[in-house]
Amino acid sequence: MTRARLVALSAAAALLIVVVVVWRMEAPRPTPPADEGSLEQLGDYGAVPAFSLTERSGRPITREDLRDHVSVIDFIYTECTETCPTQSMQMGQLERDFADARDLRLVSITVDPRHDTLDVLARYAKRYQADDRWWFLAGDQHAIYCLAKVGFRLGVVDSSTSQPAPCGEALGFGSPAAWASHGSKGLIMHSARFVLVDRATRIRAYHLATDVASMRALRDNLWRLLSER
């Protein structure tokens, strides 16, 4: 092999190495999973979207009813036998632990409004000894699912129904999704996260009701927000 040919082959090999290096630098890389623990730190995850639902008492409730209060919001349904009992027990414990905080709102929204009528929600509320600071809301199922998925970025799926209509224009903000957990018999899947909302109706944190450490962090965040004016 001549010297000129050796030089040409060496140059070609060097060029190939450069191309490979550049390709690896510019090739799309997998997006790392969101650090869900960061959702428990007080931040600003956007505004609570406008909504209109009905409380178990028959009172209409909108976003404006949350203003000037600190709120903890979750999504449940009364026939759920998996995460919902834990979520509601945790809500009841918050109600007792913050008994003197009259500016605290606890809000549970049913994801099964076809079954969970206002009377059913009233009986469920009585089971957990809910006072007037803990609201149980129902309404149109499609509106509730859009509120959960687009407004609060919480997963919810009802596998017993047909493909739902799209939610339309995003209400959104940039927080990562909180993945759904299974509901009773796997028919309805929904997130077990609590959403912490401040007096200006801004979403400030997400906490997992089934995790002891996350609930301790929620209490710390609640004290901080309740102390702010």
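Taking other Cβ within 10 Å of each residue's Cβ, how do Leu42, Leu226, Leu121, Leu104 sort, fewest first?
On the way: Leu42 13, Leu226 17, Leu121 25, Leu104 20.
Fewest-to-most Cβ neighbours within 10 Å comes out as Leu42, Leu226, Leu104, Leu121.
Expected output is a single nm value to one decimal: the length gained when fully extending between Met89 and Ala50, i.e. 0.36 nm times separation in residues minus the C-alpha distance. What is it? Mind showing how you got there, number by number?
Numbers: separation 39, 0.36 × 39 = 14.04 nm, distance 2.76 nm.
So the extension gain works out to 11.3 nm.
I want the local charge near Val195. Using Cβ-Cβ distances under 12 Å, sum +1 for each Lys or Arg and -1 for each Asp or Glu among the other residues. It would help to have the intermediate numbers written out before the result.
Numbers: positive: Arg105, Arg153, Arg193, Arg202, Arg204; negative: Glu40, Asp74, Asp198.
Value of the local net charge: +2.
On a full-extension model of 0.36 nm per residue, what is the gain between Asp220 and Asp68, subtracting their alpha-carbon distance, rounded to one decimal in nm?
Between Asp220 and Asp68, full extension yields 52.8 nm more.
Going by average Cβ neighbours within 10 Å, how do the peptides 91-102, 136-147 rank, with the highest at the top? Could you put the intermediate results ahead of the total?
On the way: 91-102: 14.8, 136-147: 20.1.
My ranking of the peptides, most packed first, is 136-147, 91-102.
Let me know the shape class of region 40-227, please: from the alpha-carbon gyration tensor, a ≥ b ≥ c as square roots of the eigenvalues, rounded when a/c is under 1.5, otherwise prolate if a/b is greater than b/c, or oblate. Show your work: numbers first, answer last.
Values: a/c = 1.35, a/b = 1.18, b/c = 1.15.
It is rounded, given that a/c, with a ≥ b ≥ c, falls under 1.5.
For Asp65, Asp74, Asp220, what ranking results if the residue with the fewest other Cβ atoms within 10 Å of its Cβ goes first?
Values: Asp65 17, Asp74 25, Asp220 11.
With the sparsest Cβ surroundings first, the list reads Asp220, Asp65, Asp74.
Can you bin region 76-141 into rounded, prolate or oblate? Criterion: square roots of the alpha carbon gyration tensor eigenvalues sorted a ≥ b ≥ c, rounded for a/c under 1.5, prolate for a/b above b/c, oblate for the rest. Please list the in-between numbers first.
Values: a/c = 2.13, a/b = 1.59, b/c = 1.33.
Judged from the Cα gyration tensor, region 76-141 comes out prolate (a/c at least 1.5, a/b above b/c).
Taking the Cβ-Cβ separation of His142 and Arg96 as r and a Förster radius of 25 Å, what is the calculated FRET efficiency to the nearest 0.05?
Details: r = 35 Å, r/R0 = 1.39.
Result of the calculation: an efficiency of 0.10.
Bear in mind that the values in this text are calculations on the coordinates, not laboratory data. The structure presented is a predicted model; accordingly, all values stated were derived computationally and were not measured. No Cβ is skipped: glycine too gets one built from the backbone with ideal geometry, and neighbour counts run over all protein chains shown.
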